[in-house]
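Some notes on the structure that comes next.
What follows is calculated from the coordinates using simple rules that are stated; it is not laboratory data. Values in this document were obtained by computation on a predicted structure and should not be read as measured data. Glycine gets a Cβ as well: all are built from the backbone with ideal geometry, and neighbour counts include every protein chain shown.
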Amino acid sequence: MAKLELEIEHFPPDLKSTKRLFGRADAKEVEPLIAAMIPGLSIEKTEGLLKPESQLSKYFGFLQISIYPLQQMVEASFNTRNPAIHGLTDNNTFSFQLYKNDPSKDALGMFALPGNTGHGVAKVMLQNLVDLMDDLERTKLTIKAGDELGGYVWLRYGGLIDPSVQDKAKFPDLKKRLKEKIDLLAPQIIKMYPENGLEIIDAILKLITSEDPQTFWAIANIDIPVTPLEKSSAMPKSYTPSIFLLNEEGKVPLGLVMFAGESWKGIIDLSRGSPSRAMLECMIHDHKLKIFPKNVLTELQERLLWER
Amino acid sequence: MGEIKSVENILYEDMARREALDPQYFYEAKLPAIKVAQEAGLSDAEIELAFNIKIRPEDKKPG
């Protein structure tokens, strides 16, 4: 049976040398994922291990676990090494960091995926992360939302803004900017709903002024179709309407315009029964492919107990 | 050869495509937001209009 090599990297506390340990992961469990990422790829079946120069590793790279003793942190990542597709030699598709003594710092780091998208790979990764966090009894995942779409997307995927950890220089402006955006969008809303447009605007303003961070979920979910606002000095720097998917009338949901380009810090609360978790699971519910073999999980658990 | 996209971009495109075909597709994921909006004082009619969904009878605001 084909095997995918699992690379376990260990950086000793003095950082003067690097030890590399090697484990084994069964490729059977990750092959469907690879096939989804790279349609048409013929996976070369060989006996024993697939070496780095083999076809499978060439395209997919390693499932890697790195240990950072100084930071008391374990990082697990899938690295893609498929230069034939995206021109990079070491492009992380997905990684996360688990901190031994401070689970509140656990962080998701999903960097970039190659161009063959639309196969649910990102959602597979997220589902597996949820499963893994459950197995490791971790309940909070730190989110740093930003760039063009993160401020919107993570609110739709259960991210909860934590006002206490925001960038003091930027966050106070968020609510102010949301109100300004509503002012700019008001003519469109009133034109679309001449009878009760003003009531709708009042309702949205009521959500914006609420002190409950969960109300950001409600604002992000507003699906009133609007023409995207132009990029201007009044909008955050990362606001990039050119990447929006427009409907046939050239419009997008209001919630997207409100949060696209915005940056915030927060968490996904993975406690069972939490609304944050419910939102995330509903968004990824149809992606149950397991990609972390049991021995990888065991390895992670052992590493988290490191020097305890 | 494909372009590099951020994960947020990929998640957004998936979400936008599905919701364009069926606004109810992610209804369950919207439920916490529906509850928040109800608690903030919005009527079910306002929420249905704003979220472009039909609230299921069991999720309607009591009373």
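Could you work out the relative contact order of segment A:164-263, using alpha carbon pairs under 8 angstrom and six or more residues apart, expressed as a whole percent?
Values: 89 pairs, mean separation 26.5, N = 100.
Contact order relative to length: 26 percent.
Can you bin segment A:153-197 into rounded, prolate or oblate? Criterion: square roots of the alpha carbon gyration tensor eigenvalues sorted a ≥ b ≥ c, rounded for a/c under 1.5, prolate for a/b above b/c, oblate for the rest.
On the way: a/c = 4.09, a/b = 1.93, b/c = 2.12.
Judged from the Cα gyration tensor, segment A:153-197 comes out oblate (a/c at least 1.5, b/c at or above a/b).
When only DSSP loop residues count, what GluC sites (Glu not before Pro) in segment A:173-265 have their Cβ near at most 14 other Cβ atoms within 10 Å?
A:195, A:211, A:230, A:248, A:249
When the Karplus curve 6.51 cos²θ - 1.76 cosθ + 1.60 is applied with θ = phi - 60°, which whole-Hz ³J(HN,Hα) does each residue of segment A:236-246 get, with x for Gly and Pro?
Here the 3J(HN,Hα) series is x, 4, 7, 5, 9, x, 5, 9, 5, 8, 7 Hz.
Under 5 Å between amide hydrogens, which residues at least 5 positions from residue A:222 or on another chain qualify, with H placed 1.01 Å from N in the peptide plane?
For residue A:222, the qualifying residues are A:255.
What does the C-alpha gyration tensor say about the overall shape of segment A:178-233? Classify as rounded when a/c is under 1.5, otherwise prolate if a/b is larger than b/c, or oblate.
Oblate, since a/c reaches 1.5 and b/c is not below a/b.
Ignoring solvent entirely, what values of log10 I(q)/I(0) come out of the Debye formula for segment A:164-263 at 0.11, 0.18, 0.23, 0.25 Å⁻¹ when each Cα is a single scatterer?
Reported log10 I(q)/I(0), two decimals: -0.32, -0.87, -1.38, -1.56.
Assign one of three labels to chain B, namely rounded, prolate or oblate, based on the Cα gyration tensor with a ≥ b ≥ c the square roots of its eigenvalues; rounded applies when a/c is under 1.5, prolate when it is not and a/b is larger than b/c, and oblate otherwise.
It is prolate, given that a/c is not under 1.5 and a/b is the larger ratio.
Taking a 27 Å limit on the Cα-Cα distance, which of the listed pairs A:265/B:61; A:206/B:54; A:206/B:30; A:100/A:144; A:251/B:54; A:179/A:265 fall beyond it? If you can, show how the numbers build up before the last one.
Details: A:265/B:61 31 Å; A:206/B:54 22 Å; A:206/B:30 19 Å; A:100/A:144 20 Å; A:251/B:54 21 Å; A:179/A:265 20 Å.
Over 27 Å Cα-Cα: A:265/B:61.
For peptide A:199-207, what's the mean number of Cβ atoms from other chains within 10 Å of each residue's Cβ?
Per residue, the number of nearby Cβ atoms from other chains is 4 on average.
Which order results if A:104, A:164 are arranged by neighbouring Cβ count within 10 Å, fewest first?
A:164, A:104
Which whole number gives the average, over all residues in A:210-218, of C-beta atoms from other chains lying within 10 Å of the residue C-beta?
If you average over the peptide's residues, the count of other-chain Cβ atoms is 5.
What's the longest piece of chain B with no exposed trypsin sites (Lys or Arg not before Pro), counting a site as exposed if DSSP puts it in a loop and it has at most 14 other beta carbons within 10 Å?
Between the exposed loop sites, the longest stretch runs B:1-53.
Projected onto the charge dipole of segment A:164-263 (+1 at Lys/Arg Cβ, -1 at Asp/Glu Cβ, origin at the Cα centre), which of A:242, A:187, A:205 gives the Cα projection farthest towards the positive end?
Working it through, the farthest residue towards the positive pole turns out to be A:242.
What list do you get for A:96, A:259 if you sort them by fewest beta carbons within 10 Å?
A:96, A:259
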